[in-house]
1. With every protein chain left in place, what is the accessible area per residue of segment 1-134 in square angstrom, probe 1.4 Å?
2. Dividing the Cα convex hull volume of segment 4-83 by residue count, how many Å³ per residue is that?
3. At 222 nm, what helix-only mean residue ellipticity would the chain give, in deg cm²/dmol to the nearest 500, using -39500 (n - 2.57) for each DSSP H run of four or more?
4. Put one equal scatterer on each alpha carbon of the chain, apply the Debye formula with no solvent term, and list log10 I(q)/I(0) at q = 0.11 1/Å to two decimals.
5. How high is the relative contact order of the chain? Use alpha-carbon pairs under 8 Å, at least six apart in sequence, and give a whole percent.
6. Full extension from Arg35 to Leu123: what is 0.36 nm times the residue separation minus their Cα-Cα distance, to one decimal in nm?
7. Choose one of His48, Tyr72, Ile91: the residue whose Cα lies farthest towards the positive end of the charge dipole of segment 1-114 (beta-carbon charges +1 Lys, Arg; -1 Asp, Glu; about the Cα centre).
8. Heavy atoms only, probe 1.4 Å: what % of the accessible area of the chain goes to carbon and sulfur, would you let me know?
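The values are calculated or read from the model by the stated rules, or taken from the named source; none is laboratory data. Given the structure is predicted, the values throughout are model-derived calculations rather than measurements. Here the Cβ is made from the backbone with ideal geometry for all residues, glycine too, and neighbour counts use every protein chain on show. For accessibility, only protein heavy atoms count, side chains too; no ligands or nucleic acids. Shrake-Rupley method; radii C 1.70, N 1.55, O 1.52, S 1.80 Å.
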Amino acid sequence: MKKIIVSDASPLIALAKLDRLDLLLSIFSEVHIPRAVYLETTCDRHRHDAQLIHDYLEQHATVHNDCNDENYQLLKAILGEGESQALSLAIKLGCGILIDERLGRRVAKQYAISSVGIKGLLLQAKSTSQSSSTIDYKITTK
């Protein structure tokens, strides 16, 4: 059974650079992002990856208004805006988070929110035969 996920900006940017945003819905049933992450990843549409992210999110993700609840207020003291908003949304929805930042993953663990980064996502895609030689190459040549 596929899970719901909230994504932070870094994994979206990495997947866009690999031209593999399609992996999100091959692994997760729903993708959610806060408006702050949407704006961070799509603000400069002259960049090819920003345009890819914009097009993908418009068709396949749910964009939520940013939070200003107690969790967000606590998180913004230690995390960046996008990470704070994404983690607040994951707490609100009761789902996991796709996040690369080490501190953000540690904080997610403190809130009992499961987290996965881009490497974990690519390895999961590879193990479920959703990968291509491009992903194999990117994983092994870091």
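1. On the way: 6920 Å² over 134 residues.
Ligands and nucleic acids excluded, the result is 52 Å² per residue.
2. Measuring per residue, one finds 89 Å³ for the Cα hull of segment 4-83.
3. -16000 deg cm²/dmol
4. Evaluating at q = 0.11 Å⁻¹ gives log10 I(q)/I(0) of -0.37.
5. Across the chain, relative contact order equals 28 percent.
6. So the extension gain works out to 28.9 nm.
7. Ile91
8. 50
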